[in-house]
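Quick notes on the structure that follows.
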Amino acid sequence: MSDIIHLLPDHVANQIAAGEVVQRPASVVKELLENAIDAGATTIKLLIKDAGKTSIQVIDNGTGMSITDARLSFERHSTSKISKAEDLFQIQTKGFRGEALASIAAIAHVELRTKREENEVGTSILIEGSRFIKQEPVAMPTGTSIIVKNLFYNIPARRRFLKSDAVETRHIINELQRVALAHSGITFFMYHNDNEVYHLPESNLKKRIVNIFGKKTNEKLVPIHENTPIVSIDGFVAKPEFAKKKRGEQFFFVNNRFIKTAYLNHAVKMAFEGLISNAQHPTYFLFLEVPTHTVDINIHPTKTEVKFDNEKDLYAIIRASVKHSLGQYSVTPVLDFNRDSSMDTPYKYKNKPISSEPVIKVDRNFNPFQNKDVGSWESLYSEIKDIDIPPTEQDENRDTTDLFSSDASMSKVHTQQLHRKYIVSTIKSGMVFIHQNRAHQRILYEDFLRIMTVGEASSQQLLFPIQLQFDKPDMALLTELQGDLESSGFQFKSLTSEKIIVKGIPPKLKDIEIETIFKELIANQKDEIPNTSFSPVDYIAKVLSKNTAIKTGKTLGQKEQEELVNTLFTCKEPNVSPFGKACFTTITIEEIDKRL
Ligand code: ADP
Ligand code: MG
C-alpha cells in the first residue's frame, strides 16, 4: 500500500483555520477593525449590508500596503507584526498570527484596495475562496479598504447556521463597541444598510462611553484608578443602583485588548457584594495594563481569552480597588470626600518591592476632619450660615474638611450615643447615624489588614498557653494559615495537625475567644469556593475584627465616641462593615424639612 499522509493544500488548510477564526460576520469585523488599528488609522469606517451576510467593508486611513505586501497579506502565516517566537511575549499589536486575511479570503469574496503615502497609486486585489482573481492599480487616498462579500458562500452549512439579522448585527455592534472603547482616540463610523449606526468622534474614554451608551451614562460612572507593580487599572464602574438584570455592559481590557474572563468578572461582582442582589450584574469598563510577559494572549485563535501569570493577585487588586471606589462614591453623596490618594492601594500590594517605581507612602495621620486650609474653611463656614444656598450646589465639590461643620476646631466632633447602638452627630447637610459595632469592625478590620501585611503585629503573651484540639482535617487547614496567623499577632508553641498550642495572641483579643475564632476560620476556609478566595489574610482580619469590635449595647464615653467617628472616616471604606453592611446613614435637612 502506498503512503497515505500528505500535506493539505493551502486553500483547505485556510478553510480549516477559518473555522476557528471566523465564526460569524462579527468575527470578520473584529479582524478587519484590528488590522486598521494596527495600521495606525485615526479614522475607521465600518459599513455592513444585511448584518454582514451580504457584505462587510472596513475603510481606514492607516499606513496602507505596498503592491507586494498586499498580495502577501493573504498568504497563511503572513504577518508584518512578529518575526520570531520571542516576539510573542511582547506583543504590542492586535494581530500577530497572520491568519485572519488568509482565513477570510478562503471563505468569501474579498476585494482589497490599499495605498501607501509614498505611492502615487494604490493596488486592488480580488480573491475568491483563496483563488487569486486579479490585481490592478487603483486611484485612492492613502489607507486601506477591504470588502468581504458573501461570507461562507462555499460552506453552506456554516451559512445556514447564521442567526437572524438582528442577532448577527448585535454581535457586530458588540465587536465595534469593544474596539471603540479600547481606542477612544480613533474616530469610528458605522453604517448598516446605509443608515448611520454610530459616529464616534475622537475623545477621552468617558466621552466615548457616553457616546456609545447614551447621555444618561455620564452620571452613573465611578472612576477607578489603581497603580501597583503587577497591574494598573483604569476605567469606570457604574454605581450599584444601575446594576442590570441582564449581563450587559461588562468590559475588561488587558493591554487594550478586550478579553472575556469569568474569573475577574467574579472579582468585580464580589466588590459589589452587599450593594447589589445576586441576580444583578454590575456594569463596568475596566482597563488593565500588565507587563506583556505576564500575560499570554495566544491561547485562543480569537485572542479573547488570555492567561495571566498572577491571576490571584489580579483578582484581589481588582476587587479591592473597585470596592474602594464604590466606597468613595456610591453610598451617599453627602459623604463623598476626597481621600488622600496614597491610601488607595490595597495594603498588601503597597509593600511589594518595586524596583523602578517610587515607594507609596501611607499617611497614617490623615484625618478628614482636620482643617489644613483655614482660609477655605472660613469661607465654607460662612456658606453654611447662609441658609439660602441650596445644599445641592455645595454637594458638588464637597471635600473632607467641610463635612463636620458645627465646630470651630474642625477635628472636634459633637456626638451623642443613641440606644447604646448608634452614635449621632450633626454634619453640614444634616445628621449622621453611625452604627457603633459595624464602624468599629471596619476600623479594626483595616487595622488588622495593615498590621498583617506591613508586618507590624504585636502580640500579648498568654500566662497559660492554650491547647486546642480539632479533628485532623481541620487542624491541617489551620496549619495552612500559620504564616498569616502569625503576622496578625498569634504565636504558637506548636501548630501541627497533631496539636495546637497558642502562647501569644493579637492585642485586643481575649483568650476565651480563641477557640471560637479558630472555629470560624476553619469554617471559612472550608466554605471558600476554590480559586475565588480573596486571601486568608482578608478573612482572618474579618474574623478578628468581628470578635474584637465594640458590641451593640456598650455605653461609650464622649472621648470614645469621638475617637470612633474620627477613625472611621480615616478608613479606606468607611461606609460598609467588612461584611458589607452599612456603617452609617445620613438624614438631610431637606428630609427633615419634608417631615415637618
Ligand atoms: P495579522 O494581523 O495577524 O498580522 P492578518 O492576516 O490580519 O494577520 O494581516 C496580515 C498582514 O497584512 C498584517 O500583518 C499587515 O501587515 C497587513 N494588513 C492587514 N490589514 C491591513 C490594513 N488595514 N492596513 C495595513 N496593513 C494591513
Ligand atoms: Mg490581523
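Per-residue Cβ neighbour counts within 10 Å put T292, T68 in the sequence T68, T292, beginning with the fewest. Using a simple spin-label model with pseudo-atoms 7 Å out from Cα toward Cβ, F161 and N195 lie 3.0 nm apart. Can you tell me the FRET efficiency between I501 and K312 if r is taken as the Cβ-Cβ distance and R0 is 30 Å, rounded to the nearest 0.05? After rounding to 0.05, the efficiency reads 0.45. For the range 415-585, the square roots a ≥ b ≥ c of the C-alpha gyration tensor eigenvalues yield an a/c of 1.5 or more together with a/b exceeding b/c, which makes the shape prolate. Scattering from the range 207-328 was approximated by placing one identical point on each alpha carbon and applying the Debye formula without solvent; log10 I(q)/I(0) at 0.18, 0.20 1/Å stands at -0.94, -1.15. The fewest-to-most ranking of I82, I233 by surrounding Cβ atoms within 10 Å reads I82, I233. Distance between the 7 Å Cα→Cβ label points at S203 and I16: 4.7 nm. Listed cross-link partners K499/K546; K245/K323; K428/K508; K206/K244; K421/K572; K428/K581 are compared with a 28 Å cut-off, the Cα-Cα value being larger for K428/K508. Please work out whether the range 203-243 counts as rounded, prolate or oblate from its C-alpha gyration tensor, where a ≥ b ≥ c are the square roots of the eigenvalues and a/c under 1.5 means rounded, while otherwise a/b larger than b/c means prolate and anything else oblate? It comes out oblate by the Cα gyration axes.
Over the range 207-328, what is the percentage of antiparallel beta bridges among all DSSP beta bridges, to the nearest 5?
Counting DSSP beta bridges with both partners in the range 207-328, the antiparallel share is about 75 percent.
Treating each Cα of the range 10-202 as one equal point scatterer and applying the Debye formula with no solvent, the log10 of I(q)/I(0) at q = 0.08, 0.17 Å⁻¹ comes out as -0.24, -1.16. In terms of surrounding Cβ atoms within a 10 Å radius of their Cβ, M270, M431, M65 rank from fewest to most as M431, M270, M65. Close Lys pairs in the range 10-202, defined as Cα atoms under 19 Å apart and 8 or more places apart or on different chains, number 21. Here each label is just a point 7 Å from Cα along the line to Cβ, and for K84 and E456 those points are 4.9 nm apart. For the range 81-167, the set of chymotrypsin sites (Phe, Trp or Tyr not before Pro) satisfying both a DSSP loop assignment and a count of at most 14 other C-beta atoms within 10 Å is given as Y153, F161.
Bear in mind these aren't lab numbers, they're just calculated from the coordinates by the rules spelled out. Note that the structure is predicted; figures quoted are calculated from it, not measured. Don't worry about glycine lacking a Cβ; one is built from the backbone with ideal geometry, like all the others, and counts go over all protein chains shown.
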